[in-house]
Every structure is written in structure tokens, then in C-alpha cells.
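Visitor: Got a structure for you, written out below as C-alpha cells; questions coming shortly.
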């Protein structure tokens, strides 16, 4: 159990992140609006848990951080997590479409 969430809840949250980003593919979404869309399914989710799920999906290369040119943001971690933009990668799309199975995300 990680911070009050069991394995099933963690997997479900990570899958829902992928599905939410799939709707916008190949576009991107900021973390804060993404979290707000997931609050309907997970009303008690905390931002720290959500941020860990994003970090996990980045490490697995299912999502990636993008920096919109219009923001003129320098590379680095200076931007708050809530304002960072993320998009689904082709590998993440295959997971979201269930073409490829990842035991760490399968129910």
C-alpha cells in the first residue's frame, strides 16, 4: 500500500491518466487540468500521489513532458508540477489502447 492506496487503485489511476491523455493525442495537457478531470473518478486523490504516478509513467516512457514554445520556458525543473505539460507517447498510446500489456498496469 502506498500512501493509503492499494495496488489496484494505483494501477487504475495510472491507466486513467493514459486514457485521459489519449483523448488529446498527439496534443498535451497541463497537470492541473488533468488532475481535475480525474477527480471525478478519484475524489480523494492527493496531488503528491498524482505526481508520483506521472513520474512513474514518464520513467516507463508512456508519457513525456513537453514545453510549449509559446511559454518560452527554459529546460529544467523550474516550473511547478501543476503547470507542466504532458503528452502521451506512441508506447503509451499502445498501452492505453490495450494493444500491448504491461503487468505493472494490468488489472
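The values are calculated or read from the model by the stated rules, or taken from the named source; none is laboratory data. Nothing here was measured: the structure is a model prediction, and the numbers come from that model. Because the Cβ atoms are built from the backbone with ideal geometry, glycine has one as well, and the counts that use them run over all protein chains shown.
Visitor: If you scan region 1-51, which residues turn out to be over 16 Å from residue 84 (Cβ atoms) and within 10 Å of the chain's Cα centre (by Cα)?
Guide: 13, 14, 15, 16, 18, 19
Visitor: Applying the selection to region 52-93, what residues are at pLDDT 95 or above and out of contact with any strand residue (DSSP E or B) (no Cβ under 9 Å at 6 or more places or on another chain)?
Guide: 53, 55, 56, 59, 60, 61, 90, 91, 93
Visitor: While we're looking at this one, here's another question. Can you list residue pairs whose Cβ atoms sit under 7 Å apart, with the first residue in region 4-20 being free of Cβ contacts under 8 Å to residues at least 40 places away in the same chain and the second being assigned to a helix (DSSP H, G or I)? Count only pairs 6 or more apart in sequence or on different chains.
Guide: 16/38; 20/34; 20/37; 20/38
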